[in-house]
Every structure is written in C-alpha cells, then in structure tokens.
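The values are calculated or read from the model by the stated rules, or taken from the named source; none is laboratory data. Bear in mind that the values here come from a model prediction, so they are computed numbers and not experimental data. Glycine also receives a Cβ, built like all others from the backbone with ideal geometry; neighbour counts cover every protein chain displayed.
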Amino acid sequence: MCLTLSHHLFSLSCLLLSLLLLTNRSWASPWESPPVPEGFAFPPPPDAAQNATLEYMDPSLPPLLLPGQSPKCSLLVLQQDFADTVGAPPATANYAPPPDCPAPWSRVVLELSASASDLQKDRIAAIWVDGAEILRTTTPFPMSPGVFWRVRKDVTRYTALLRRTSADGTGGGIISMMLENSNATYPGVYSVNVSLHFYRGALCDSAATRPADEIKEAKLESVLAAHPTIKGIYRKPADLIIPISKCDGRSGFWFPVQNETDIQSATVVVPNNTYRAVLEVYVSHHGDDEYWYANPLRSNGPQRARDGLESSKANGGFRQVVATIDGRYAGSAVPFPVIYPGSVNPFFWAPVAAIGAYDHPSYDLDLTPFVGQLIDGKPHKFGLTVRDSQPYWLVSANLHLWLDAWSDSVEGALVRYKVPPLRLSRQADWKETEGKSEIEGQVIIRFSGWVSSSKGNITTSVRHKIKFKSHIEAEEKGEVTNVEMENKARTNIRIERDDVVIGRVLVDTEAPFNMMTMSSNGGGGSRFHKTKLHHMLEETRSVAENKMASFSTIADRQESEGSVLMQEGVAMWGSGDTKSTYKFRDDKACYLRTVNMVGGKVKEDEETASCGAVVAW
C-alpha cells in the first residue's frame, strides 16, 4: 500500500546535507521555488517536542444520534499495540454480545481510536467478526510523535454477526484486526482500541420539528434524520451474513489478487428459505497498482518508472472489481481511487485524511435475482477478481441474506440475464516520454428474478450502468503530467409483486478525479514535485417503499495543492494545502462541514445544519 521507502532512517546530517545541496542550485522551469519551502520537514529534528499531540481527522459525517443520547452499553472489544507485526497473524479477541443490553439494537457504532508513538509509514488495516469484514482502513502517515485519530462507523448492518451467541447463550465470536507494522526503519508503534457502542430506542429526530435555537446549541450532526451509511439497498439488517474470505485468516481474511486471471473464491451453501441477497465487496489497491488511477496506457516508446507514480506495466488507468457465482458474472464496480496518507504528497493528508482513507467504501451488489439458483441446497462458488489489475489487490466480501421466518424453503428463478461485455476504447500516442492515452467505455447490465415466499411472489429487477473515461497526458519530456478520470455508475432496483411496483431504489455515484504534477531535479538524486489535485465522491440515493419515499445525497470534495521533495521514495520535506468540503442532505435536513488546512495546520473548521447556507458548487 505504502510508497516504497528506503530501508534506513535518514539522519539529521543527511537531511541538512540535502538541504545544503538544494540551496546551491537553481530551480528548473516551469516554476521557481525557494530553497527551503514552507511546511514541516520529515523526519523532524531530534529536538522536536516528543510529547506533542496532533489529531488527524476525517471531516466526514459521524454516526448520528439524539443530542445527549448515550449508548445503552459499550464494549472495549480489542486493545492492541502493533509494533513488529509483519508476517504475524491478526490480533484477536473473544466477543460476546453485551448481556445487559441484548439485541435488538436501534444502532451499533464501531469506534477505532488509535495513536502513533513516533514516526511511521501508513499501513492498511481491517477488522473482521468471524471472518466477515466490517471496516477497511489505513493509518495516517505520522510525521511527528504523538499523532492520534479516531474512526467511527455505523455497523448496524452487521447485527446478525454481533448478536450471535453459542448454544448455551454465552459465547459469541472472534474479533480480528490485521495491521502489519514494522520497526525496522521507523520506531512508531500503533496503539489501537476498538469499541462497540450499542443504542436502544429512537435514533434521532428531525431538524424540521426543532426550534432554531435548539438546533444551534445541539451538536450539528445530531439533528439529521438519517445517516448516509444506512444504505437504502439494505433497508434493514440481514438475518445471516456469510463471509466470502480466506478461511484460516493467518495472514488476514482478505484475498490477495495478483491479476485478472487470479479469481479468489469461497464456497457457500445458501439456506433454502433465503428471499433476498446482497453481496458487499471490500477492496484496496497496493504494490504496482497503488497508483492505478494515474497509470498511463503506452503503445510505444520506452517504459519509464518515476518515484512510484507509474506502474511496471503501463496498461492504463482502468480497474473493475468483478463478482461471479459459479464462474458466471454477477456484478461489478469501478473502485473509488482512495489516496493513501503516504501517497501523492504526504503533506496533503496531515492532518486531514483523503476521501475514504480511514473508512474505505464498500460496494453493494444486489444478488436477489439469483436467489432462485442459490437455494437448491448445493454449494456455490462466489468469486472475486479485479479486471486489468497488477500485483496486488486485497479483496473480501460479505454475503448478506434475508431469511423467511415462516417457511423452511422458498422458490425462485432467474428470468432475465443480459450481460454484454464492457468494451473499452483504448488509444495511446507516445514518443519517448511525451504523449497521451485515453480509455473509455460504458455498459448496461440487467438482471431479473422472482422469489415466492411468505411475503408473496416478488420480482426484483436490477439495472446497472457503468460509464468510465481516463485521460493521461505527459509533456515537457515527461516532467508535466495531467491525469483526468470520470467514473459514473447508476443502479436502479425495481421490486414488483403481482405486477405492481412496490419499491424502488436508485443509486447514482460520480467520482471525478484530476491531478496535475510538475517535476524537476531536486539535486543529490532527489525529485521535486508540485501537484494540484481535485478529488470528489458524490452519491445520490432515493428509496420508495410502501408509499414512503426518501432521498439523500453525499458530496465529499477535496482540493489540494503543494510540493514535496522525494529522495529514494522518502518525503524529505514539503508543504501542502487541502480544503475539504463535505455535504450531506436528505429530505429533512442538511449538513455542511468545511475544513481548510494550510501548511499542516487547520485554519478553518466550520459546520452548519442550515440548508440555506449551502451554496451550490
């Protein structure tokens, strides 16, 4: 996941020598830079305050609750220091649901609170319950001692895992966390606490029914009637969750995927009384594909790798996560390009995290049309791979199943299966290190199937559209690069009973990405990069069921600009400014938070629950 760093910690003398070399040279066009830029150095000098603390933050919306509402009970389920854990199995702890507040719960919130004792690299991590993943995350890229952060995630959808007990009503399952850290180069130890907070009763109330002064005094995120992580495709938590993951878990429960022919799979027997199914897929990109979104397509000219920003195989900036059932296509998604805290320019993400870095998005594939084929009592193979991938990706999935409590078995059949191939137009024109490449394509997938249960004979139709475009251009002998990506998806789910539409779910997702980098020789074998970055994730959901309708939109946008000096993959020094704007709106309320970070310091952090204050972008 991380940038390839050198295998020794640069001493203060090396840092001073590099700076001395830089001050004795002239900066090359196309820009001029002062010999010592503003910002903070990495590593810090030995006399830096060892007890200094800095909170790294994710400026997205936390789980919503009533003002002053406390959890019915809380459990510290795992506590661990991750030092030299490379090659070690995940940290584990026994879990049992809290006896003083058993299910049902109105909400369950996972809280990961962590700190780094000293300098360290960013690390990929995950938390599983009995092999089912409930959080994919990364650590920050600590540039000073005393860094701490917190991740809060609504995990109510995993209630089926969290309420599980043994036959005697006591034991539960196993909580596991994987975080491979090394102290061979950097001394930082990650100390992690994982807690679960269980809530009963009403979740929240509407801002529309509360006085303005009360809204002003209350915690602003508490006045919303819903939370974006409560996704319409689930409607309510599943009755059973089956992990599609590695069985032993000795090296984590995620599957490593090396290329698109590497299809990882798990065999599952689906209960005969299943009437709904959703596959939730987790994925993250590493190694040669850490920068897949900036990977050019080359048809001619020499391959040139620079500072890890180009992969070993220049096959273009397109990837597609594909799920199969018994070798047959069952759904896919173009992954959101999560930027890790040590990627592009580490100074962009200190102390504000990139979109999705602390809570990686998962991808929901409605498999209900396939239920009729899955309830035959036979084992079925669920496969996962990544199209056009290079080593390596980490993938896993959770199969959410809804069971008919009034029947031991149901009936069903797949009646429509239209899966044309996603054909990509690939064009490339390169001469040495200059040129451009484009990849674009779109496809519409349609599934339809019926299930007859105690709820009636219900037909579920799924229409999924993907539209993708990647444009990568290099000029000035490869010293100026521009990356543009457009990724749009629309999923339309229609639910019918007796030829009458009783429900609809519409999900629109858009993830534009633009990055321009100007590079020059930094002296002493180093490279100087100046980068402008625009990144955004926008998602709109509308749900209609039983004459009730609701909608919600999320728009998470970041604008970053700054420079960094890289030597042997190490960020010697640099600076970065990042402005994050997060907006959530539903049919009752609105939430807007703006965080403006300049040179590693938060200059502005404002939030509002007034929709009137939201200016259209």
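For the range 384-409, the set of residues classified as of a type in the set (A, V, I, L, M) and within 19 Å of the chain's Cα centre (by Cα) consists of Leu384, Val386, Leu394, Val395, Ala397, Leu399, listed by residue number. Can you say whether Asp326 is surrounded by fewer than 24 Cβ atoms within 10 Å (Cβ to Cβ) and free of Cβ contacts under 8 Å to residues at least 60 places away in the same chain, as far as the supplied structure shows? Answer is yes for this residue. The set of residues in the range 312-346 that are out of contact with any helix residue (DSSP H, G or I) (no Cβ under 9 Å at 6 or more places or on another chain), farther than 19 Å from Phe468 by Cα and of a type in the set (S, T, N, Q) comprises Thr324, Asn345. Considering the range 130-169, the residues that are acidic (Asp, Glu) and more than 15 Å from Leu78 (Cβ to Cβ) include one that is modelled with the highest pLDDT, namely Asp154.
For (1) closer than 23 Å to Gly372 by Cα; (2) β-branched (Val, Ile, Thr), each residue gets a yes or a no:
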site	(1), (2)
Ala405	yes, no
Asp408	yes, no
Leu414	yes, no
Lys418	yes, no
Arg423	no, no
Asp429	no, no
Thr433	no, yes
Lys436	no, no
Ile445	yes, yes
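Listed by position, the strands (runs of 3 or more DSSP E) inside the range 505-617 whose residues that are farther than 24 Å from Tyr56 by Cβ number at least 1 are 513-523, 526-545, 548-567, 570-586, 590-598. Of all the residues in the range 522-542, those that are polar (S, T, N, Q), surrounded by fewer than 19 Cβ atoms within 10 Å (Cβ to Cβ) and under 23 Å from Ala357 (Cβ atoms) number 1. Here Lys381 clears all of (1) within 13 Å of the chain's Cα centre (by Cα); (2) assigned to a strand (DSSP E or B) except the condition numbered (1).
Residues in the range 569-593 that are at pLDDT 85 or above and under 25 Å from Asp122 (Cα atoms): Ala571, Met572, Trp573, Gly574, Ser575, Gly576, Asp577, Thr578, Lys579, Ser580, Thr581, Tyr582.
Within the range 545-561, one or more residues are more than 18 Å from the chain's Cα centre (by Cα), on the phi < 0 side of the Ramachandran plot, surrounded by fewer than 20 Cβ atoms within 10 Å (Cβ to Cβ) and of a type in the set (A, V, I, L, M). For the residues Ala160, Ala114, Ala132, Ala125, the requirement of being under 28 Å from Val86 (Cβ atoms), in contact with a Pro (Cβ under 7 Å, 6 or more places away or on another chain) and not basic (Lys, Arg) singles out Ala132.
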